[in-house]
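Each remark here refers to the structure printed beneath this line.
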Amino acid sequence: MPSLTFMHLPSEIVLDIFAHIPTRNLVRLRSVSKTFSQLVDSPCLWRNAHFTFDEDWAHRTRILELLDAHAPEFRELKLSNVRDDVLNAAWDLVQGVHRLDIDGWLTLSNHGFSRLVAPMSHPSTGAVMQFPNLRSLHITHYTATATAFSAEPLVALAQGAPQLEHLHVWCNMGLDPVQMADVAHACPRLTSLSLSSTRWFDNDALAAVLAPLPRLQYLALASAHGISSAGLAGIAAAAPMLRTLLLHGATLVTNAGMCALGAGAPHLSTIKLYDCPRISLGIMEGIGFESVFVAPAIKHRPCFKFGLGMGFVRRPPMDLPVVAAGPAAPIVVGA
């Protein structure tokens, strides 16, 4: 009986195995055989892809060629270690994705988004480029030092992505509150929002960002030095469906603000606090939350230096047994 080899497996099984191989190694399989080369080009393998760029320009060119070749198949795409010129060249190739992660970069400035913004000589009120399927956008770099892009390109991108539901900008970059309000107006379907630096936000600016987002369920605000207890009450009013909150650097928020938030946001179930010195552990227990070591609902940690984070989850209501009242027992009085 002839021995069976990997090549004798049904193509469906081989594709299922290939689906667990990192994109970089998947490309190398093309050189194994003609059969492998044909299988690697199967659209199902490119629905979820992760490309990491290195400093070799020839390597970047090859990845851009792969992006061009498989652009129609991408659903979830992650680009790591990008540069301005590479990112700017890739926008045409990612217009069909449902989720886009820009995860770490060598340099990132407005030049990396310039193709999204109308030139000054031809101003436009609409989106320059359309992303009709985009549901989730993550721009993250926890230790970024070469970050110089503003919220302006985010406005242009949001205007072309009306279906956007998840926006996480978590990269140690200051965000203009007026422009972020424009982003919110362009994406009223947002259910989760992370802003890594809100140092220019005050209560009114935060309210302007949250006003168009009644579906919001997840909110993360870092370096929130200008947000006070009144701002937390505003969060509860603007986002009645809020379930998860991360707050970092909110030095003006007091116990009274947390009480207002707990009372005004009945669906709030997870809170993570970093560097909020005026909020005491006891007050969280008083409004129905208990401390936890791990809060899986939190997506990111702060980009800045931070002290010990405190996680809290809402205690479930206690279901006490209900004893049905029966007929009163007769009272027997002894002689």
Next on the checklist: Report every pair of residues separated by at least 6 positions or lying on different chains whose Cβ atoms are under 6 Å apart, first residue within segment 35-62 and assigned to a helix (DSSP H, G or I) and among the β-branched types (Val, Ile, Thr), second modelled with pLDDT under 90 and exposed (fewer than 15 other Cβ atoms within 10 Å of the Cβ).
Outcome noted: Val40/Arg30
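Looking at segment 148-165, which of the residues that are farther than 16 Å from Ser136 by Cβ and in a loop (DSSP other than H, G, I, E, B) is most open to solvent (accessible area, probe 1.4 Å)? Outline the logic, then answer.
The initial filter retains those residues of segment 148-165 that are farther than 16 Å from Ser136 by Cβ, namely 148-153, 155-156, 159.
Retained after the next criterion (residues that are in a loop (DSSP other than H, G, I, E, B)): 149-151.
On the way: Phe149: 5, Ser150: 37, Ala151: 1 Å².
Among those residues, the one meeting the criterion is Ser150.
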Item to check | Residues located in segment 17-27, provided they are exposed (fewer than 13 other Cβ atoms within 10 Å of the Cβ) and without any contact (Cβ under 8 Å) to a residue 24 or more places away in the chain | outcome: Ile17, His20, Asn25
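Could you list all residues from segment 91-109 that are part of a loop (DSSP other than H, G, I, E, B) and either at pLDDT below 90 or out of contact with any strand residue (DSSP E or B) (no Cβ under 8 Å at 6 or more places or on another chain) (or both)? Give the derivation first.
Of the residues in segment 91-109, the ones part of a loop (DSSP other than H, G, I, E, B) are 95-98, 106-107.
Selection gives Gln95, Gly96, Leu106, Thr107.
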Item to check | Flag if Gly112 is in contact with a Phe, Trp or Tyr (Cβ under 8 Å, 6 or more places away or on another chain) and either assigned to a strand (DSSP E or B) or open to solvent by less than 60 Å² (accessible area, probe 1.4 Å) (or both) | outcome: yes
Next on the checklist: Give me the residue from segment 273-288 that is more than 24 Å from the chain's Cα centre (by Cα) and among the aliphatic types (A, V, I, L, M) and, out of that set, most open to solvent (accessible area, probe 1.4 Å).
Outcome noted: Leu281
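Condition test on Asp68, is it closer than 23 Å to His138 by Cα and open to solvent by 70 Å² or more (accessible area, probe 1.4 Å)? Before the answer, list the steps.
On the way: closer than 23 Å to His138 by Cα: yes; open to solvent by 70 Å² or more (accessible area, probe 1.4 Å): yes.
Answer is yes for this residue.
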Checklist entry - Does segment 83-93 include one or more residues that are charged (D, E, K, R), surrounded by fewer than 19 Cβ atoms within 10 Å (Cβ to Cβ) and more than 26 Å from Val117 (Cα to Cα)? => result no
Checklist entry - In segment 280-297, which residues are in a loop (DSSP other than H, G, I, E, B) and touching a Ser or Thr at 6+ places or on another chain (Cβ under 7 Å)? => result Ala295, Ala297
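Residues that are in contact with a Phe, Trp or Tyr (Cβ under 7 Å, 6 or more places away or on another chain) and open to solvent by less than 10 Å² (accessible area, probe 1.4 Å): find the helices (runs of 4 or more DSSP H) completely inside segment 166-272 holding 1 or more of those. Show your work before the answer.
On the way: elements: 177-186, 203-210, 229-238, 255-264.
Where helices (runs of 4 or more DSSP H) fall fully within segment 166-272, none carries at least 1 residues being in contact with a Phe, Trp or Tyr (Cβ under 7 Å, 6 or more places away or on another chain) and open to solvent by less than 10 Å² (accessible area, probe 1.4 Å).
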Checklist entry - When segment 289-304 is examined, which residues are found to be buried (at least 16 other Cβ atoms within 10 Å of the Cβ) and over 30 Å from His141 (Cβ atoms)? => result Phe289
Next on the checklist: So, in segment 3-24, exactly how many residues are part of a helix (DSSP H, G or I) and under 27 Å from the mean Cα position of the chain (by Cα)?
Outcome noted: 2
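Can you find a residue that is at positive phi and either touching a Ser or Thr at 6+ places or on another chain (Cβ under 7 Å) or at pLDDT 95 or above (or both) anywhere in segment 221-238? Walk me through it before giving the result.
So in segment 221-238, the residues at positive phi come out as 223.
Next, from what is left, pick out any that are either touching a Ser or Thr at 6+ places or on another chain (Cβ under 7 Å) or at pLDDT 95 or above (or both): 223.
Yes, there is a match, as at least one residue in segment 221-238 is at positive phi and either touching a Ser or Thr at 6+ places or on another chain (Cβ under 7 Å) or at pLDDT 95 or above (or both).
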Checklist entry - Taking the stated definitions as given, is Leu67 part of a helix (DSSP H, G or I) and closer than 29 Å to His111 by Cα? => result yes
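The values are calculated or read from the model by the stated rules, or taken from the named source; none is laboratory data. On a predicted model such as this, the values are computed, not experimentally measured, just so you know. Positions of Cβ are generated from backbone atoms using ideal geometry, with glycine treated the same way; all protein chains shown enter the neighbour counts. Side chains are part of the model used for accessible areas, which takes the heavy atoms of the whole protein and leaves out ligands, DNA and RNA. Shrake-Rupley method; radii C 1.70, N 1.55, O 1.52, S 1.80 Å.
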